[in-house]
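The values are calculated or read from the model by the stated rules, or taken from the named source; none is laboratory data. Small disclaimer: the values here were computed from a predicted structure and weren't measured. Backbone-built Cβ (ideal geometry, glycine too); neighbour counts: all protein chains shown.
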Amino acid sequence: MMLTRHVLAASLLFAVACGGTAIVDPDDGAGGTGTGTAAGTGSGTASGTGSGTAGGTGTGGPALCAVLEEDYLLAIEAARSCDPFIDLEECTEIVPERLRCPCGGIAINPGNEEAVDDLATTASQWFDAGCSENVLCPDIECEPATGGSCQPAPDGMSGICETLF
């Protein structure tokens with residue numbers, strides 16, 4: 001019974017963190033109502049109403065992995081933000097440009113601490129969910145990134161890290 005409560009609590013926290021709401025009865029493990037989009041791990045019985053999805057058993061599944069991969073790409077875009085009008089090298093860190101089959105890397109600005117933290121957290125969640133298991137990547141040679149340079153964005157007011165090879 002204690003393990004079931006921990007699984008239910010973890011599922012509840014994950015659903016709420018993803019912008020959804022959940023009502024859980026710890027006595028029978030049944031899910032209540034749900035809104036938004038939520039993915040979960042663990043086992044038990046879940047039901048939902050409204051426009052949401054509920055995850056079942058397993059360690060993540062393709063839907064969760066796809067969400068995490070998209071979150072990672074969004075965090076990369078935020079981490080690439082820089083200021084081309086200052087005399088400071090900002091684009092100094094190289095990270096994988098994607099979670100699935102990375103190749104070469106991409107330059108980011110480590111000064112964007114929140115975005116860099118999001119990258120690390122999302123990558124950790126992706127690996128913890130088993131998303132890297134059974135991934136077949138093409139056997140291609142990748143040119144490694146050697147650094148980055150802050151270039152003006154099309155708006156002329158901001159900048160973006162461009163990767164150097």
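Of the residues screened, VAL95 is one that is under 26 Å from MET157 (Cβ atoms), surrounded by 13 or more Cβ atoms within 10 Å (Cβ to Cβ) and without any contact (Cβ under 8 Å) to a residue 60 or more places away in the chain. Within the range 50-80, restricting attention to residues that are modelled with pLDDT of 55 or more and of a type in the set (Val, Ile, Thr), the residue that is surrounded by the fewest Cβ atoms within 10 Å (Cβ to Cβ) is THR59. Considered as a group, the residues in the range 154-165 that are farther than 17 Å from PRO96 by Cα and at pLDDT 95 or above include one that is surrounded by the fewest Cβ atoms within 10 Å (Cβ to Cβ), and that residue is SER158.
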